[in-house]
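Engineer: Handing you a structure now.
The values are calculated or read from the model by the stated rules, or taken from the named source; none is laboratory data. Predicted model only: the values in this text are computed from it and were never measured. Heads up, the Cβs are rebuilt from the backbone with ideal geometry, glycines too, and the neighbour counts pull from every protein chain shown.
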Amino acid sequence: MFPKGNLMHPLRFHKMNESCAVCGQSFEPEPGFYFGAMFVSYGLNTVIFIAVWVLLALLVENYSLSTLLILLGLTVVVFLPISFRLSRSIWIALFVRFQKAAA
């Protein structure tokens, strides 16, 4: 779905291929198709936030709210390319079925 080598590039991590190289399926079935991927991303980020919060609570006995917020902010920036791509991949997998080409 995504060109290789762009995952951690800050200006190109969101670029997608036009269509599948194997089956020719368009990765933009209709305008605004990936709007729903925001909700998948919300769920993924919630899981990541809770994991960071629990890890911080286990590793540091007393931490401030600003420490937690800074850590969560950094986590968002680091995991943005991964959660963006994963949420779009999950969203298209829910609505577009992959059919293996006959050999």
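Engineer: Does F79 fit the bill of being in contact with a helix residue (DSSP H, G or I) (Cβ under 9 Å, 6 or more places away or on another chain), surrounded by 11 or more Cβ atoms within 10 Å (Cβ to Cβ), at pLDDT below 95 and assigned to a loop (DSSP other than H, G, I, E, B)?
Structural biologist: Details: in contact with a helix residue (DSSP H, G or I) (Cβ under 9 Å, 6 or more places away or on another chain): yes; surrounded by 11 or more Cβ atoms within 10 Å (Cβ to Cβ): yes; at pLDDT below 95: yes; assigned to a loop (DSSP other than H, G, I, E, B): no.
Criteria not met by F79.
Engineer: So, in the range 21-51, of the ones that are touching a residue at least 24 places away in the same chain (Cβ under 8 Å) and farther than 14 Å from F95 by Cα, which residue ends up surrounded by the most Cβ atoms within 10 Å (Cβ to Cβ)?
Structural biologist: By that ranking, first place goes to S41.
Engineer: Can you name every residue in the range 76-96 that is over 16 Å from E28 (Cβ atoms) and either touching a Leu at 6+ places or on another chain (Cβ under 6 Å) or of a type in the set (K, R) (or both)?
Structural biologist: P81, S83
Engineer: Give the residues of the range 26-63 that are in contact with a helix residue (DSSP H, G or I) (Cβ under 9 Å, 6 or more places away or on another chain) and of a type outside the set (A, V, I, L, M, F, W, C), sorted by residue number.
Structural biologist: E28, P29, Y34, G36, S41, Y42, G43, N45, Y63
Engineer: Report, by residue number, each residue of the range 54-76 that is part of a helix (DSSP H, G or I) and surrounded by fewer than 10 Cβ atoms within 10 Å (Cβ to Cβ).
Structural biologist: L58, L59, L65, S66
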